[in-house]
Amino acid sequence: MYYVSSYEAPMGTLTLVSNETCLIGSWFEGQKYYMEPVANEDVVPKETEVLRRTKKWLDDYFAGRMPALITLPLAPQGSTFRKLVWHILCQIPYGQVRTYKEIANEVASYEGKDHMSAQAVGGAIGHNPISVIIPCHRVVGTKGSLTGYAGGLDKKKALLQHEGANLTPQNSNR
């Protein structure tokens, strides 16, 4: 059984989904892959403890208090590859960005490979089921260009501005 609630973020409504013990998803209404992991599941409106904790975390985040991810029990559903990418995203500090290429290089290192496709990594990032909390918005294109956010580039830009990230395009590749 899954439980759903909503959260009014400054840049739009987030739909939050949990099971009894963990957060399964956080999506901006209307974003790509909206509620994909639970599309064929029973989802009941109910304010669970996990969802209350998630809302408190989001309150702290939007108030600029930089809450730690470890305070929330997360259980994103996806392949082993996607989970690895999402784990790496969680290591990007508040207010900082990484490129798809940098994430791909880190995935390659974890997997003991010489190379990893930035496009494959981009696909995994795009399917991140826990928007904002698993910070896929902190991943940018080459030279810092804003690209690829399932919730919309306007939301990505707003989240990065909220965090005080440097959005000035870089003059050289990372």
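The values are calculated or read from the model by the stated rules, or taken from the named source; none is laboratory data. Just so we're clear, the structure is a prediction, and the values are computed from it rather than from any experiment. Here Cβ is always computed from backbone atoms with ideal geometry, including for glycine, and neighbour counts include all displayed protein chains. Surface areas here come from the heavy atoms of the whole protein model, side chains and all, with no ligands, DNA or RNA. Shrake-Rupley method; radii C 1.70, N 1.55, O 1.52, S 1.80 Å.
Spherically averaged projected area of the convex hull of Cα atoms, the stretch 8-79: 5.4 nm².
With only alpha-carbon atoms in the gyration tensor, what are the semi-axes of the equivalent ellipsoid for the chain, in Å, largest first?
26, 19, 14
For the stretch 132-138, 3J(HN,Hα) computed residue by residue from phi via the Karplus equation (6.51, -1.76, 1.60; θ = phi - 60°) reads 6, 6, 8, x, 5, 5, 8 Hz, glycine and proline entered as x.
Given their separation in residues at 0.36 nm each and the Cα-Cα distance between them, Glu8 and Met66 gain 19.1 nm when the chain is fully extended.
Only loop residues by DSSP count here, and only those with at most 14 other Cβ atoms within 10 Å; note down the GluC sites (Glu not before Pro) in the stretch 35-107 that meet that. If you can, show how the numbers build up before the last one.
Details: sites: Glu41, Glu47, Glu49, Glu102, Glu106; in loops: Glu41, Glu47.
Answer by residue number: Glu41, Glu47.
Rounded to the nearest 20, the Cβ-based charge dipole of the stretch 1-91 about its Cα centre (Lys and Arg +1, Asp and Glu -1) stands at 300 debye. Of all the options Val38, Val17, Val97, the one that moves most in a Gaussian network model of the chain with Cα springs shorter than 10 angstrom is Val38.
Placing unit charges on each Cβ (+1 for Lys and Arg, -1 for Asp and Glu) gives the chain a dipole about its Cα centre, and among Thr15, Met1, Ser117 the Cα reaching farthest toward its positive end belongs to Ser117.
When nucleic acids and ligands are ignored and a 1.4 Å probe is applied, Ile125 ends up with an accessible area of around 10 Å². Seen from Gln161, the other residues with C-beta closer than 14 Å to its C-beta sum to a net charge of +2, counting Lys and Arg as +1 and Asp and Glu as -1. Counting charges near Leu89 (Lys, Arg +1; Asp, Glu -1) among other residues having Cβ under 15 Å from its Cβ returns a value of +3.
Backbone amide hydrogens, once placed in the peptide plane, bring Ile130 within less than 5 Å of Ser26, excluding anything fewer than 5 places away on its chain.
Here the accessible area of the stretch 1-94 is 52 percent carbon and sulfur, with a 1.4 angstrom probe and all protein chains present.
Each of Pro93, Gln77, Pro129 was placed along the dipole of the chain (beta-carbon charges, centred on the mean Cα), and the one lying farthest toward the positive end is Pro93.
Write down the accessible area per residue of the chain in Å², having rolled a 1.4 Å probe over the full set of protein chains.
Counting only protein heavy atoms, the per-residue value for the chain is 49 Å².
With +1 on the Cβ of every Lys and Arg and -1 on the Cβ of every Asp and Glu, and nothing else charged, how large is the dipole of the stretch 42-174 about its Cα centre, in debye rounded to the nearest 20? Please report the intermediate quantities before stating the final value.
Working: 17 positive and 11 negative charges, 36 e Å.
That gives the stretch 42-174 a dipole magnitude of about 180 debye.
In the complete set of protein chains, residue-level accessible area for Ser18 is approximately 0 Å², probe 1.4 angstrom.
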